[in-house]
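Engineer: Below you will find the structure I want to go over with you.
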């Protein structure tokens, strides 16, 4: 319906959880997308006390409820958080998609990617790597660490932007 959005996330325990709330478009130095009513899926990323203890104290994961619309196409909407400055990409689900099955696929991928340790091998050299909250920290040397935020996909992970280590870009 007009002015309503339904959102699901692999962060929910039950993959069939999809929450509908209100949204509006506004204007604030450009077009904005605003989530006007509480949505527990969005709130997970916004609330200053994340229910899983993620993020900093009293700031949580520093998500947004209000976004600048940067680009739109039928395939995606690119947003920038008004408060955080973070980039977000929204992609449509097929109207006949089964939300629970889709979310469960992402949950399974995330579970399959959980290991006690990680390493990054570039040009035969192994770099110590730590995964924390969807970000890899690849230690290059005592003074340099490459941070690589990522998202889970249906087949693995995808970096938000290319990373370069030892002259190799991935």
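Engineer: Look at the stretch 110-132 and say how many of its residues are in contact with a strand residue (DSSP E or B) (Cβ under 9 Å, 6 or more places away or on another chain) and under 26 Å from residue 61 (Cβ atoms).
Structural biologist: So the answer is 11.
Engineer: Follow-up. Return the residue satisfying two criteria in turn: it lies in the stretch 132-170 and is in contact (Cβ under 8 Å) with a residue 24 or more places away in the chain and loosely packed, with under 10 Cβ neighbours inside 10 Å, and of such residues it is farthest from residue 116 (Cα to Cα).
Structural biologist: Here the residue is 167.
Engineer: Could you grab me the full set of residues in the stretch 1-18 that are part of a strand (DSSP E or B) and more than 23 Å from residue 111 (Cα to Cα)?
Structural biologist: 4, 5, 6
This table checks each residue for (1) assigned by TED's automatic domain parsing to the domain that holds residue 87; (2) modelled with pLDDT of 85 or more; (3) assigned to a loop (DSSP other than H, G, I, E, B); (4) more than 14 Å from residue 86 (Cβ to Cβ).
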site	(1), (2), (3), (4)
22	yes, yes, no, yes
25	yes, yes, no, yes
32	yes, yes, no, yes
37	yes, yes, yes, yes
49	yes, no, yes, yes
54	yes, no, yes, yes
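Engineer: Shifting gears a bit: So, in the stretch 80-108, exactly how many residues are within 28 Å of residue 130 (Cα to Cα) and free of Cβ contacts under 8 Å to residues at least 60 places away in the same chain?
Structural biologist: The total comes to 11.
Engineer: Looking at (1) outside the structural domain of residue 9 (by TED's automatic domain parsing); (2) exposed (fewer than 12 other Cβ atoms within 10 Å of the Cβ), find the lone condition where residue 129 falls short.
Structural biologist: If we test residue 129 against (1) outside the structural domain of residue 9 (by TED's automatic domain parsing); (2) exposed (fewer than 12 other Cβ atoms within 10 Å of the Cβ), just (2) comes out false.
Engineer: Please work out if residue 61 is assigned by TED's automatic domain parsing to the domain that holds residue 31, closer than 28 Å to residue 42 by Cβ and touching a helix residue (DSSP H, G or I) at 6+ places or on another chain (Cβ under 7 Å).
Structural biologist: Yes: the conditions hold for residue 61.
The values are calculated or read from the model by the stated rules, or taken from the named source; none is laboratory data. Since the structure is predicted, the reported quantities are computational estimates derived from the model, not experimental observations. Cβ coordinates were reconstructed from backbone atoms using ideal geometry, including for glycine residues, and neighbour counts include every protein chain displayed.
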